[in-house]
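The values are calculated or read from the model by the stated rules, or taken from the named source; none is laboratory data. All figures in this text were calculated on a predicted structure; none of them were measured in a lab. Cβ atoms come from the backbone with ideal geometry, glycine included; neighbour counts cover every protein chain shown. Heads up: the accessible areas ignore ligands, DNA and RNA and are worked out on the full protein's heavy atoms, side chains in. Shrake-Rupley method; radii C 1.70, N 1.55, O 1.52, S 1.80 Å.
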There are 4 protein chains.
Amino acid sequence: MAKAKAAVLVAPRQIELEEFPIPETGAEDGLLRVEATGVCGSDVAPYHGEAMGDLFKLPLILGHEIVGRVERLGKRAAERWGLKEGDRIIVEEHIPCGHCEHCYTGRHRMCIKMRYGSLSTTLAPSLWGGYADYVYLHPNAVIYKVADDVPAEQVPLFIPISNGLYWVQKSGGARTGDTVVIQGPGQHGLGCVIGAKECGAHKIIVTGLSQDTERLRLARELGATHTIMADQEDVVERVKEITEGRMADVVLDVTPGATRPVEMALDLARVGATIVLAGFKHFQPVTSFASDKMFFKELTVKGVWGRDPRSVEVALRLIESNKYPLHKLCTHTFSVAGTEQALKTVAGEGDKNAVHVSITPDHI
Amino acid sequence: MAKAKAAVLVAPRQIELEEFPIPETGAEDGLLRVEATGVCGSDVAPYHGEAMGDLFKLPLILGHEIVGRVERLGKRAAERWGLKEGDRIIVEEHIPCGHCEHCYTGRHRMCIKMRYGSLSTTLAPSLWGGYADYVYLHPNAVIYKVADDVPAEQVPLFIPISNGLYWVQKSGGARTGDTVVIQGPGQHGLGCVIGAKECGAHKIIVTGLSQDTERLRLARELGATHTIMADQEDVVERVKEITEGRMADVVLDVTPGATRPVEMALDLARVGATIVLAGFKHFQPVTSFASDKMFFKELTVKGVWGRDPRSVEVALRLIESNKYPLHKLCTHTFSVAGTEQALKTVAGEGDKNAVHVSITPDHI
Amino acid sequence: MAKAKAAVLVAPRQIELEEFPIPETGAEDGLLRVEATGVCGSDVAPYHGEAMGDLFKLPLILGHEIVGRVERLGKRAAERWGLKEGDRIIVEEHIPCGHCEHCYTGRHRMCIKMRYGSLSTTLAPSLWGGYADYVYLHPNAVIYKVADDVPAEQVPLFIPISNGLYWVQKSGGARTGDTVVIQGPGQHGLGCVIGAKECGAHKIIVTGLSQDTERLRLARELGATHTIMADQEDVVERVKEITEGRMADVVLDVTPGATRPVEMALDLARVGATIVLAGFKHFQPVTSFASDKMFFKELTVKGVWGRDPRSVEVALRLIESNKYPLHKLCTHTFSVAGTEQALKTVAGEGDKNAVHVSITPDHI
Amino acid sequence: MAKAKAAVLVAPRQIELEEFPIPETGAEDGLLRVEATGVCGSDVAPYHGEAMGDLFKLPLILGHEIVGRVERLGKRAAERWGLKEGDRIIVEEHIPCGHCEHCYTGRHRMCIKMRYGSLSTTLAPSLWGGYADYVYLHPNAVIYKVADDVPAEQVPLFIPISNGLYWVQKSGGARTGDTVVIQGPGQHGLGCVIGAKECGAHKIIVTGLSQDTERLRLARELGATHTIMADQEDVVERVKEITEGRMADVVLDVTPGATRPVEMALDLARVGATIVLAGFKHFQPVTSFASDKMFFKELTVKGVWGRDPRSVEVALRLIESNKYPLHKLCTHTFSVAGTEQALKTVAGEGDKNAVHVSITPDHI
């Protein structure tokens, strides 16, 4: 293990395979042998060279949905994390500083001065991203154990599933018997289906486009009671029919790029409903946001960024339980060398039926 | 008291003075001798003939911010409300049915199938609006007592003050030490200043326009720590300065008609902040709503419709306490015959410095 | 239908079968032909002559878990409730006044000046209780429709099930993945099992006594993952084992009479947990309440009284769905003439395995 | 500054003055020159030798309400805390690990594996308590700046004041117009008076004993509207009178040792009220806790442990503002050599009128 191979984004749309020395580690830190890293839709923006503030510093190794085995572990790190070498873990994307307002108030997920998949390789020890053979375990890394017998490429699904649990149940406040409308059948939309199913929502309605036939089928298999093709049907009318005029208790927007679903959410919501916004619009503003509907119906709209620790734990337990046919969501796996193709697939430039895409190092 | 005089809206921008017979009342209902009725900004829309769904049914007597004396009271009504003839009361605008989902869930303020100031005079006994000598007390009316010694025209301020308490403290969740930004220095903006002052907000920032000099001065007198003229200063920069970069914990939009403040609220809010929307935009949509900021900062936006009963009680106690110089907010009083002029004043077609405008029957 | 038969509690432990004239009804009210009325544990106190403040006024017809068919319905009543004669409905126990603080704040369940099963037969039209052939439908009655094909004796289970949904999910805040401990395997404990199961609790632990073997078996059948016999096992130790030291996120006490479970709840709860108290102790105080544990673990203890309207609707839909084997909970059915025996059974003086007991009029 | 003097608890009720070498510090940590340390009521338990689990490890330097000047500061520590040498700061008692469930969920105040005022002097570098000339600034210390011109002995009042803000407003949910009953007029009770005053409570009622005459006078000076001597008056009756039967929206117990106030809180609370428990009972259980009142009135009881970071900041700003006559609360100041006498005073073995007691090193 003299060297670690990694896919480095050196310029927009330019990824090069490089080798890095395996880092030295001490008492406080460790090293992860990557088993799989999920490709997140948010990786497409830096790949395309979109400005994202200071978040992505090139050259860098993308990839922050990481599962692997503890290869090396310091003594203090072992105590801190309750781990030993060989344990199978997932690593959260944020590396919280522990001292800022976010960290002090239970919002450490928003402390992203340091973050896996966005730090430059020029910052020692370079291995900060998941599209690589190894990842450096920083002393502040947030780590959870996961069972040995889950196929590696399914484990990164803890992110859409934990987000789905958190967004539907905690942010949206969904309760048993509710109607939940989920706009967008991507991996996060499917995670929300699980979030809604788990809390006993009676009607789970997922919207997509004609091209999403396969994703919408998967949504139904996971628990959606109804699916709507937004480019062929009148979504508001359909939801009115399905709910006998009651409309939705919780509406989620997890569509990437489209702003129309945010506008439509105000019509899909019933009095007192909660709308959860999690779909990144690449800074395009919503151009027809009928704010008057918000007070005529006393609506609440919440922006959400990630999940709480409890949701991650519960998502991992759900994955381990085999309750859902998650293998059907894992549509594509690429090697580290195939990172560029993986990103293109997630960007919609490849197989239109892709749901969850992973990078798996050759040593797996 | 053979007849009750009232200002009847018979067609858009056409108000006629009519006389109605004083209604018979029985065991369950009563009659109110009006002392004053506040002119609400929301009365301008029906006066202008704007479509408001089924809410306003012409011909009608507008006016729903009503204070008066109990003139006649049935036996059962007296028990139900704990009142006797001669008591001074305010009457809430909504007349809740008591049997719908809103009524069953503590949201009876949204049960407006019947509502003072919006029912037609063709519905017996006609006296459903405050711009009149008398108002019919329906068995389902929601009533609160108020002290005898408050000047009549100040009492309708219970509405902006109770809304201010509710929107800032309950909807916005403001706590001692917070920064509260209030966009719009009208009577509701000033009510929000009181709401923010009462819960110990450390920085209370009110925005307005150049024409609002007098209203902004009043805001400072009530407790605002800073005021900003949005047409002369960069509001976001000023709030950044005032808060040393921290930005606002709670942002309220109580501007009528303008949509820019809704957009700007996303920039004024700090991470985790709550934005409260209460300014009616006459169905004009917001055209540049940067929803991405909502999840980058985990913002919550709430539409609010009115207040809870507790806020009304507390507002009445505050008015009675003389803690605030409320007489300065009562800039204009008109007779019932002057209703049209009163509505024009509130619509901005008269004195630009108007804050709170009331109609006072001649018998006062 | 000249007369309605009813079981009247004329003195403690003394029930007499009486006949009452069928009441006249008008535009505003109606009459219910009873199909079944559940026997609530709280009916035992008045039967035993326990002082309950002003709540129970003898002579009275007990019974407030009522299902039946609309026999007669006034025109206005039909509009108000959206009903027609022949419809199958349940009637809530409270008859809210619509004008008090409880009614105005969404807590109408606590407005019990008038209440089915506790008003005296001396108050016209006498038929205020469910242990009878007919029940008077007061204009303020709170009514929900239920499907025709559910066996009558199962319908009153909407009470423990809606309470269970509300107490576990809304009061307790249980979320997917949580551990929920339910102390007491009676019908309310079993309702809580359903409440916990529906929101995806991962560990549902029910405690009982040796005599509860059959009830604990039912609990497991409904979804409990573990059951504990509190008189044979160390409950705290067992929960520690089951949860690997994590303890419970939500603890409920639904034991009637016993105070030890309230004390123990403090030990069963993990840091930050919520404890929900719903078990009536007949005014016996808890004698060893270790309040220090409450702040060492930042616990919240909530007393709960009934449920919200949404939970009732959802419970009815769950009952109609046949998802749970509810017929197994319906262990005993008596005629109106058998009311005394029914009350003794619920009081534990009969079959020890009784769970849900109903009174069914002879006309069924 | 070769040596630091400190008061060391070597055995129950046995404090010895010792000298410790001034610790070496590096890039990550620092050293504080103590100006004053408040004596907390909770220090009495270890002084008396009460078992407190693993919390207090003798020999130790007590004292965790610490204010001082940064004497020495590493480069990384300076960046992390935004501090420079010479800055005046307060140090929170907890030294959070940053990696446990408490730390990850915004409850780092409960991560007390390391804690100022409870670590043994055998753990290098010994200076872990405030009753000393210097205190070691651990890399994980939680630090807030405070203005230079506040008298040192007033600064530790940030603890009762921030607790009061948090307990009354956040835990208790008090809003403008509420009635708040505070049982116990010690420094925490007085902090709660400020918490209630700041959020606009209309009735602030403080209970104490005959011996608390001076403390109750102080309570009124800070904003209490009523005070009650619980050994001379019927507290429940008095609160009923004062509130005209409405009773309290929020009840706090901040009495040390007494369990009767916890029982009485159930009677003082109105329907739907919140009771906040913060008074340590030295593990004595409450012996007559009438749990039935909890559901008849739908009460919520919350145990609270400390405060959130925001409350600390706001408390410091309030102290700096000179809004309250806090010097009157600072009744006693002792030197490090007088630590034993200070503890006895707080334990009630000295001046009965003591409110806030501080230790001030000789170098001040």
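Against the numbered list (1) in a loop (DSSP other than H, G, I, E, B); (2) under 22 Å from D:V193 (Cα atoms); (3) within 14 Å of chain C (Cβ to nearest Cβ), D:E263 comes up short only at (1).
Would you check if B:F280 is open to solvent by 20 Å² or more (accessible area, probe 1.4 Å), among the aromatic types (F, W, Y) and in contact with a strand residue (DSSP E or B) (Cβ under 7 Å, 6 or more places away or on another chain)?
Values: open to solvent by 20 Å² or more (accessible area, probe 1.4 Å): yes; among the aromatic types (F, W, Y): yes; in contact with a strand residue (DSSP E or B) (Cβ under 7 Å, 6 or more places away or on another chain): no.
So B:F280 does not fit the description; no.
Given the criterion among the aliphatic types (A, V, I, L, M), open to solvent by 20 Å² or more (accessible area, probe 1.4 Å), within 12 Å of chain D (Cβ to nearest Cβ) and free of Cβ contacts under 8 Å to residues at least 60 places away in the same chain, identify the matching residue among C:A273, C:A290.
Values: C:A273 fails: open to solvent by 20 Å² or more (accessible area, probe 1.4 Å).
Just one listed residue meets the conditions, C:A290.
The condition of being more than 23 Å from D:F296 (Cβ to Cβ) and in contact with a helix residue (DSSP H, G or I) (Cβ under 8 Å, 6 or more places away or on another chain) holds for only one of C:I66, C:I143, that being C:I143. If you go through region C:239-259 and keep only what is free of Cβ contacts under 8 Å to residues at least 24 places away in the same chain and either charged (D, E, K, R) or in contact with a Leu (Cβ under 6 Å, 6 or more places away or on another chain) (or both), you end up with C:K240, C:E241, C:E244.
Looking at C:K203, is it open to solvent by 30 Å² or more (accessible area, probe 1.4 Å), in contact (Cβ under 8 Å) with a residue 40 or more places away in the chain and closer than 21 Å to C:V301 by Cα? It is true that C:K203 is open to solvent by 30 Å² or more (accessible area, probe 1.4 Å), in contact (Cβ under 8 Å) with a residue 40 or more places away in the chain and closer than 21 Å to C:V301 by Cα. Would you tally the residues in region C:319-356 being touching a residue at least 24 places away in the same chain (Cβ under 8 Å) and touching a Phe, Trp or Tyr at 6+ places or on another chain (Cβ under 7 Å)? Count: 5.
Looking at A:G98, A:G53, A:G26, A:G63, can you tell me which residue is on the phi > 0 side of the Ramachandran plot and exposed (fewer than 15 other Cβ atoms within 10 Å of the Cβ)? First the steps, then the outcome.
On the way: A:G98 fails: exposed (fewer than 15 other Cβ atoms within 10 Å of the Cβ); A:G26 fails: on the phi > 0 side of the Ramachandran plot; A:G63 fails: exposed (fewer than 15 other Cβ atoms within 10 Å of the Cβ).
Just one listed residue meets the conditions, A:G53.
Kindly establish whether D:A77 is open to solvent by 40 Å² or more (accessible area, probe 1.4 Å) and either of a type in the set (A, V, I, L, M, F, W, C) or free of Cβ contacts under 8 Å to residues at least 24 places away in the same chain (or both). No; evaluated as a whole, the condition is false for this residue.
Hey, among the residues in region A:236-270 that are among the β-branched types (V, I, T) and under 26 Å from B:M110 (Cα atoms), which one's surrounded by the most Cβ atoms within 10 Å (Cβ to Cβ)?
Restricting attention to region A:236-270, the residues satisfying the condition of being among the β-branched types (V, I, T) are A:236, A:239, A:242-243, A:250-251, A:254-255, A:259, A:262.
Checking the rest, the ones that are also under 26 Å from B:M110 (Cα atoms) come to A:236, A:239, A:242-243, A:250-251, A:262.
On the way: A:V236: 14, A:V239: 26, A:I242: 18, A:T243: 19, A:V250: 29, A:V251: 31, A:V262: 25.
The qualifying residue surrounded by the most Cβ atoms within 10 Å (Cβ to Cβ) is A:V251.
Determine which member of the set B:K344, B:K297 is open to solvent by 20 Å² or more (accessible area, probe 1.4 Å) and within 14 Å of chain A (Cβ to nearest Cβ). It would help to see each step written out before you state the result.
Numbers: B:K344 fails: within 14 Å of chain A (Cβ to nearest Cβ).
None of the other options fit; the residue is B:K297.
Taken together, the residues in region A:266-305 that are assigned to a loop (DSSP other than H, G, I, E, B) and either of a type outside the set (D, E, K, R) or closer than 25 Å to A:S42 by Cβ (or both) amount to 15.
Looking only at region D:306-339, filter to residues that are of a type in the set (S, T, Y) and assigned to a loop (DSSP other than H, G, I, E, B); which one of those is most open to solvent (accessible area, probe 1.4 Å)?
From region D:306-339, those of a type in the set (S, T, Y) are D:311, D:321, D:324, D:331, D:333, D:335, D:339; that's our starting set.
Narrowing the set further to residues that are assigned to a loop (DSSP other than H, G, I, E, B) leaves D:324, D:335.
Details: D:Y324: 22, D:S335: 41 Å².
If we take residues in region D:306-339 being of a type in the set (S, T, Y) and assigned to a loop (DSSP other than H, G, I, E, B), then D:S335 is most open to solvent (accessible area, probe 1.4 Å).
Scanning region B:40-52 turns up at least one residue that is within 19 Å of B:P361 (Cα to Cα) and at pLDDT below 95.
Just give me the residues in region D:80-93 being open to solvent by less than 10 Å² (accessible area, probe 1.4 Å) and within 11 Å of another protein chain (Cβ to nearest Cβ), in sequence order. Write out each step before concluding.
Kept after step one, since they are open to solvent by less than 10 Å² (accessible area, probe 1.4 Å), are these residues of region D:80-93: D:89-92.
Matches in region D:80-93: D:E92 only.
Going by the conditions given, is B:A45 surrounded by 14 or more Cβ atoms within 10 Å (Cβ to Cβ) and in a strand (DSSP E or B)? Taking the combined requirement at face value, the residue does not satisfy it.
Scanning region A:110-149 for residues being touching a Pro at 6+ places or on another chain (Cβ under 8 Å), open to solvent by less than 20 Å² (accessible area, probe 1.4 Å) and within 14 Å of another protein chain (Cβ to nearest Cβ) gives a total of 2.
Step by step: first the residues of region C:101-113, then only those that are assigned to a loop (DSSP other than H, G, I, E, B) and within 18 Å of the chain's Cα centre (by Cα), then the one that is nearest to C:E18 (Cα to Cα). Which residue is that? Steps first, please.
Start the filter on region C:101-113 by keeping residues that are assigned to a loop (DSSP other than H, G, I, E, B), which leaves C:105-107, C:111-113.
Pick out the ones that are also within 18 Å of the chain's Cα centre (by Cα) and you get C:107, C:111-112.
Details: C:R107: 35, C:C111: 29, C:I112: 25 Å.
Among those residues, the one meeting the criterion is C:I112.
Take the conditions (1) open to solvent by 20 Å² or more (accessible area, probe 1.4 Å); (2) without any contact (Cβ under 8 Å) to a residue 60 or more places away in the chain; (3) closer than 23 Å to B:R310 by Cα; B:E16 misses just one of them, which is (3).
Would you check which residues across region B:229-246 are in contact with a Pro (Cβ under 9 Å, 6 or more places away or on another chain) and part of a helix (DSSP H, G or I) and list them? Once the filter is applied, which keeps residues that are in contact with a Pro (Cβ under 9 Å, 6 or more places away or on another chain) and part of a helix (DSSP H, G or I), region B:229-246 yields only B:V235.
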